Amino acid sequence: MYDVAIIGAGPAGASAALFTAKAGKQTVVIDNGQSVTRRAWIENHYGVMEITGPDLVDTGIKQAEKFGANFVQGQAKNVVKTGNGFKVETDQGEYEAAHVIIATGMWADLAEQSGINTKPGTEPRVKTIIDVDSQGQTNVEGIWAAGTVAGVSMHTIITAGDGAKVAINIISKMNGERYVDHDVKK
Ligand SMILES: Cc1cc2nc3c(=O)[nH]c(=O)nc-3n(C[C@H](O)[C@H](O)[C@H](O)COP(=O)(O)OP(=O)(O)OC[C@H]3O[C@@H](n4cnc5c(N)ncnc54)[C@H](O)[C@@H]3O)c2cc1C
(Lines give C-alpha, C1' and ligand atoms only; values in the text may rest on other atoms or scores of the structure.)
Protein backbone atom coordinates (compact mmCIF):
# COMPACT_ATOMS: atom_id res chain seq x y z
CA MET A 1 0.00 0.00 0.00
CA TYR A 2 1.55 3.28 -1.16
CA ASP A 3 0.82 6.70 0.31
CA VAL A 4 0.62 8.22 -3.17
CA ALA A 5 0.19 6.72 -6.64
CA ILE A 6 0.91 9.09 -9.54
CA ILE A 7 -0.13 8.39 -13.13
CA GLY A 8 2.21 10.14 -15.57
CA ALA A 9 5.98 10.76 -15.32
CA GLY A 10 6.11 14.03 -17.28
CA PRO A 11 7.03 17.36 -15.59
CA ALA A 12 3.79 17.44 -13.53
CA GLY A 13 3.90 13.82 -12.30
CA ALA A 14 7.63 13.52 -11.66
CA SER A 15 7.75 16.91 -9.91
CA ALA A 16 4.94 15.76 -7.61
CA ALA A 17 6.81 12.47 -6.96
CA LEU A 18 9.98 14.37 -6.07
CA PHE A 19 8.12 16.24 -3.31
CA THR A 20 6.11 13.30 -1.96
CA ALA A 21 9.13 10.93 -1.93
CA LYS A 22 11.39 13.58 -0.37
CA ALA A 23 8.72 14.04 2.34
CA GLY A 24 9.06 10.32 3.14
CA LYS A 25 5.77 9.30 1.52
CA GLN A 26 5.74 5.88 -0.19
CA THR A 27 5.34 6.89 -3.85
CA VAL A 28 4.74 4.90 -7.05
CA VAL A 29 4.65 6.52 -10.51
CA ILE A 30 3.00 4.64 -13.40
CA ASP A 31 3.86 5.78 -16.94
CA ASN A 32 3.38 4.48 -20.49
CA GLY A 33 6.17 6.52 -22.10
CA GLN A 34 4.15 8.90 -24.31
CA SER A 35 5.19 12.26 -22.81
CA VAL A 36 4.79 15.09 -25.34
CA THR A 37 7.59 16.82 -23.46
CA ARG A 38 10.00 14.34 -25.04
CA ARG A 39 9.48 16.23 -28.33
CA ALA A 40 10.41 19.61 -26.86
CA TRP A 41 13.50 21.86 -27.02
CA ILE A 42 13.20 24.15 -23.97
CA GLU A 43 14.75 27.59 -23.49
CA ASN A 44 12.04 29.11 -21.20
CA HIS A 45 12.29 26.93 -18.07
CA TYR A 46 13.41 29.32 -15.30
CA GLY A 47 16.86 28.46 -13.97
CA VAL A 48 17.82 26.19 -16.89
CA MET A 49 19.54 27.98 -19.82
CA GLU A 50 18.42 25.38 -22.39
CA ILE A 51 17.58 21.67 -22.28
CA THR A 52 16.04 18.97 -24.47
CA GLY A 53 12.65 17.62 -23.42
CA PRO A 54 14.03 14.07 -22.94
CA ASP A 55 16.84 15.38 -20.68
CA LEU A 56 14.34 17.41 -18.60
CA VAL A 57 12.00 14.41 -18.21
CA ASP A 58 14.81 11.94 -17.44
CA THR A 59 16.41 14.31 -14.91
CA GLY A 60 13.06 14.77 -13.16
CA ILE A 61 12.63 11.00 -12.87
CA LYS A 62 16.17 10.62 -11.45
CA GLN A 63 15.53 13.37 -8.89
CA ALA A 64 12.41 11.60 -7.57
CA GLU A 65 14.09 8.14 -7.64
CA LYS A 66 16.94 9.57 -5.53
CA PHE A 67 14.41 9.98 -2.68
CA GLY A 68 12.83 6.56 -3.17
CA ALA A 69 10.00 7.11 -5.66
CA ASN A 70 9.25 3.86 -7.53
CA PHE A 71 8.75 4.36 -11.30
CA VAL A 72 6.94 1.54 -13.17
CA GLN A 73 6.06 1.08 -16.84
CA GLY A 74 2.39 0.51 -17.59
CA GLN A 75 -0.92 1.82 -18.96
CA ALA A 76 -3.30 2.82 -16.17
CA LYS A 77 -6.79 1.66 -17.12
CA ASN A 78 -8.96 2.50 -14.10
CA VAL A 79 -8.84 4.01 -10.60
CA VAL A 80 -11.20 2.23 -8.20
CA LYS A 81 -12.13 3.32 -4.66
CA THR A 82 -11.37 0.66 -2.00
CA GLY A 83 -11.99 0.41 1.76
CA ASN A 84 -8.80 2.27 2.69
CA GLY A 85 -7.93 4.21 -0.45
CA PHE A 86 -7.72 3.42 -4.13
CA LYS A 87 -6.61 0.66 -6.51
CA VAL A 88 -4.97 1.70 -9.79
CA GLU A 89 -5.55 -1.05 -12.38
CA THR A 90 -2.88 -1.18 -15.11
CA ASP A 91 -1.97 -3.57 -17.92
CA GLN A 92 1.01 -4.63 -15.78
CA GLY A 93 -0.80 -5.21 -12.47
CA GLU A 94 -2.51 -3.24 -9.69
CA TYR A 95 -1.21 -0.64 -7.20
CA GLU A 96 -2.95 0.44 -4.01
CA ALA A 97 -2.57 3.92 -2.52
CA ALA A 98 -4.20 6.30 -0.08
CA HIS A 99 -4.03 9.20 -2.55
CA VAL A 100 -3.87 9.26 -6.37
CA ILE A 101 -2.57 12.08 -8.59
CA ILE A 102 -3.59 11.98 -12.26
CA ALA A 103 -0.91 13.77 -14.31
CA THR A 104 -1.63 12.29 -17.73
CA GLY A 105 -0.90 15.36 -19.87
CA MET A 106 -3.19 15.78 -22.88
CA TRP A 107 -5.05 12.50 -22.11
CA ALA A 108 -8.21 12.68 -19.95
CA ASP A 109 -9.52 9.21 -20.89
CA LEU A 110 -8.35 7.56 -17.64
CA ALA A 111 -10.24 10.17 -15.62
CA GLU A 112 -13.42 9.68 -17.67
CA GLN A 113 -13.00 5.90 -17.37
CA SER A 114 -12.74 6.27 -13.58
CA GLY A 115 -15.85 8.45 -13.12
CA ILE A 116 -13.95 11.70 -12.48
CA ASN A 117 -15.54 14.93 -13.68
CA THR A 118 -13.96 16.46 -16.77
CA LYS A 119 -14.73 19.57 -18.86
CA PRO A 120 -13.61 21.14 -22.17
CA GLY A 121 -10.01 22.39 -22.13
CA THR A 122 -9.20 26.11 -22.39
CA GLU A 123 -5.52 25.87 -23.44
CA PRO A 124 -4.56 25.55 -27.15
CA ARG A 125 -4.73 21.94 -28.47
CA VAL A 126 -5.95 20.60 -25.10
CA LYS A 127 -9.42 19.08 -25.78
CA THR A 128 -10.54 17.82 -22.35
CA ILE A 129 -9.32 18.51 -18.80
CA ILE A 130 -10.16 17.26 -15.33
CA ASP A 131 -12.39 19.54 -13.24
CA VAL A 132 -10.29 20.42 -10.17
CA ASP A 133 -10.53 22.98 -7.36
CA SER A 134 -7.68 25.41 -6.55
CA GLN A 135 -5.96 22.71 -4.45
CA GLY A 136 -5.96 20.22 -7.31
CA GLN A 137 -8.71 18.08 -5.75
CA THR A 138 -11.18 16.34 -8.11
CA ASN A 139 -14.83 15.42 -7.38
CA VAL A 140 -13.55 12.20 -5.76
CA GLU A 141 -11.95 12.89 -2.35
CA GLY A 142 -8.40 11.50 -2.46
CA ILE A 143 -8.03 11.71 -6.24
CA TRP A 144 -6.14 14.79 -7.40
CA ALA A 145 -4.95 16.07 -10.80
CA ALA A 146 -1.94 18.14 -11.89
CA GLY A 147 -0.38 19.65 -14.99
CA THR A 148 -1.82 19.86 -18.51
CA VAL A 149 -4.70 17.50 -17.67
CA ALA A 150 -5.67 19.82 -14.76
CA GLY A 151 -6.01 22.74 -17.16
CA VAL A 152 -2.86 24.75 -16.40
CA SER A 153 -0.86 26.50 -19.15
CA MET A 154 1.10 23.91 -21.13
CA HIS A 155 4.63 24.97 -20.17
CA THR A 156 7.13 22.84 -18.24
CA ILE A 157 7.78 25.40 -15.51
CA ILE A 158 4.01 25.66 -14.88
CA THR A 159 3.13 21.95 -15.13
CA ALA A 160 6.09 21.04 -12.88
CA GLY A 161 5.03 23.78 -10.49
CA ASP A 162 1.45 22.50 -10.44
CA GLY A 163 2.67 18.98 -9.66
CA ALA A 164 4.68 20.37 -6.73
CA LYS A 165 1.66 22.40 -5.50
CA VAL A 166 -0.63 19.36 -5.47
CA ALA A 167 2.03 17.20 -3.78
CA ILE A 168 2.48 19.78 -1.00
CA ASN A 169 -1.31 19.88 -0.49
CA ILE A 170 -1.42 16.07 -0.13
CA ILE A 171 1.61 15.95 2.21
CA SER A 172 0.07 18.76 4.33
CA LYS A 173 -3.23 16.85 4.49
CA MET A 174 -1.45 13.62 5.53
CA ASN A 175 0.71 15.45 8.12
CA GLY A 176 -2.17 17.56 9.48
CA GLU A 177 -0.18 20.83 9.05
CA ARG A 178 1.20 22.90 6.14
CA TYR A 179 4.37 21.32 4.76
CA VAL A 180 7.52 23.17 3.66
CA ASP A 181 10.56 21.55 1.99
CA HIS A 182 13.55 23.88 2.29
CA ASP A 183 17.17 22.75 2.21
CA VAL A 184 19.87 25.16 3.38
CA LYS A 185 23.10 25.71 1.40
CA LYS A 186 25.94 23.82 3.18
C1 LIG B 1 6.82 19.91 -29.66
C2 LIG B 1 6.65 20.50 -28.28
C3 LIG B 1 7.48 21.53 -27.88
C4 LIG B 1 7.33 22.11 -26.60
N5 LIG B 1 8.17 23.11 -26.23
C6 LIG B 1 8.04 23.64 -24.99
C7 LIG B 1 8.91 24.71 -24.57
O8 LIG B 1 9.80 25.15 -25.29
N9 LIG B 1 8.73 25.21 -23.31
C10 LIG B 1 7.75 24.74 -22.48
O11 LIG B 1 7.65 25.23 -21.33
N12 LIG B 1 6.92 23.72 -22.83
C13 LIG B 1 7.04 23.19 -24.06
N14 LIG B 1 6.21 22.19 -24.45
C15 LIG B 1 5.11 21.77 -23.56
C16 LIG B 1 5.53 20.80 -22.47
O17 LIG B 1 6.10 19.70 -22.98
C18 LIG B 1 4.26 20.40 -21.76
O19 LIG B 1 3.60 21.51 -21.48
C20 LIG B 1 4.25 19.93 -20.37
O21 LIG B 1 5.31 20.11 -19.76
C22 LIG B 1 3.43 18.74 -20.18
O23 LIG B 1 3.65 18.21 -18.90
P24 LIG B 1 2.64 17.15 -18.28
O25 LIG B 1 3.40 16.50 -17.19
O26 LIG B 1 1.35 17.79 -17.96
O27 LIG B 1 2.35 16.16 -19.48
P28 LIG B 1 3.39 14.99 -20.34
O29 LIG B 1 4.71 15.60 -20.25
O30 LIG B 1 2.65 14.80 -21.53
O31 LIG B 1 3.26 13.82 -19.29
C32 LIG B 1 2.10 13.01 -19.17
C33 LIG B 1 2.56 11.57 -19.00
O34 LIG B 1 1.43 10.76 -18.69
C35 LIG B 1 1.57 9.52 -19.37
N36 LIG B 1 0.24 8.91 -19.44
C37 LIG B 1 -0.89 9.42 -20.02
N38 LIG B 1 -1.94 8.58 -19.83
C39 LIG B 1 -1.44 7.49 -19.15
C40 LIG B 1 -2.04 6.28 -18.66
N41 LIG B 1 -3.33 6.01 -18.82
N42 LIG B 1 -1.23 5.38 -18.03
C43 LIG B 1 0.09 5.64 -17.83
N44 LIG B 1 0.71 6.80 -18.25
C45 LIG B 1 -0.05 7.70 -18.89
C46 LIG B 1 2.16 9.92 -20.73
O47 LIG B 1 2.80 8.82 -21.33
C48 LIG B 1 3.17 11.00 -20.30
O49 LIG B 1 4.44 10.42 -20.02
C50 LIG B 1 6.33 21.62 -25.71
C51 LIG B 1 5.49 20.56 -26.10
C52 LIG B 1 5.64 20.01 -27.39
C53 LIG B 1 4.72 18.91 -27.81
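The values are calculated or read from the model by the stated rules, or taken from the named source; none is laboratory data. Owing to the predicted nature of the structure, the values given are computational and were not obtained by experimental measurement. Neighbour counts run over all protein chains shown; Cβ positions are idealised from the backbone, glycine included. The accessibility values were calculated without ligands, DNA or RNA, using every heavy atom of the protein model including side chains. Shrake-Rupley method; radii C 1.70, N 1.55, O 1.52, S 1.80 Å.
Of all residues in region 1-17 being open to solvent by 30 Å² or more (accessible area, probe 1.4 Å) and of a type outside the set (Asp, Glu), which is nearest to the ligand (Cβ to nearest atom)?
Top of the filtered list is 2.
Of the residues making up region 117-163, those that are open to solvent by less than 30 Å² (accessible area, probe 1.4 Å), away from the ligand (no atom under 12 Å from the Cβ) and within 27 Å of residue 84 (Cβ to Cβ) number 6. Does residue 94 qualify as being part of a strand (DSSP E or B), open to solvent by 80 Å² or more (accessible area, probe 1.4 Å) and either free of Cβ contacts under 8 Å to residues at least 40 places away in the same chain or under 18 Å from residue 25 (Cβ atoms) (or both)? Spelling it out, residue 94 is indeed part of a strand (DSSP E or B), open to solvent by 80 Å² or more (accessible area, probe 1.4 Å) and either free of Cβ contacts under 8 Å to residues at least 40 places away in the same chain or under 18 Å from residue 25 (Cβ atoms) (or both).
Pairs meeting the criteria (first residue in region 28-51 and in a loop (DSSP other than H, G, I, E, B), second residue among the hydroxyl-bearing types (Ser, Thr, Tyr) and more than 9 Å from the ligand (Cβ to nearest atom), beta carbons under 9 Å, at least 6 apart or on different chains) are 40/52. Determine whether region 68-85 contains at least one residue that is β-branched (Val, Ile, Thr) and open to solvent by 60 Å² or more (accessible area, probe 1.4 Å). No, that holds for no residue. Search region 39-54 for residues being within 20 Å of residue 9 (Cβ to Cβ) and open to solvent by 80 Å² or more (accessible area, probe 1.4 Å), and hand back the single one that is farthest from the chain's Cα centre (by Cα). My answer is 41. Only residues that are closer than 16 Å to residue 145 by Cβ, without any contact (Cβ under 8 Å) to a residue 40 or more places away in the chain and away from the ligand (no atom under 13 Å from the Cβ) were counted across region 67-91, and they come to 0. When region 97-106 is filtered for residues that are within 14 Å of the ligand (Cβ to nearest atom), open to solvent by less than 30 Å² (accessible area, probe 1.4 Å) and of a type in the set (A, V, I, L, M), the ones remaining, listed by number, are 100, 101, 102, 103.
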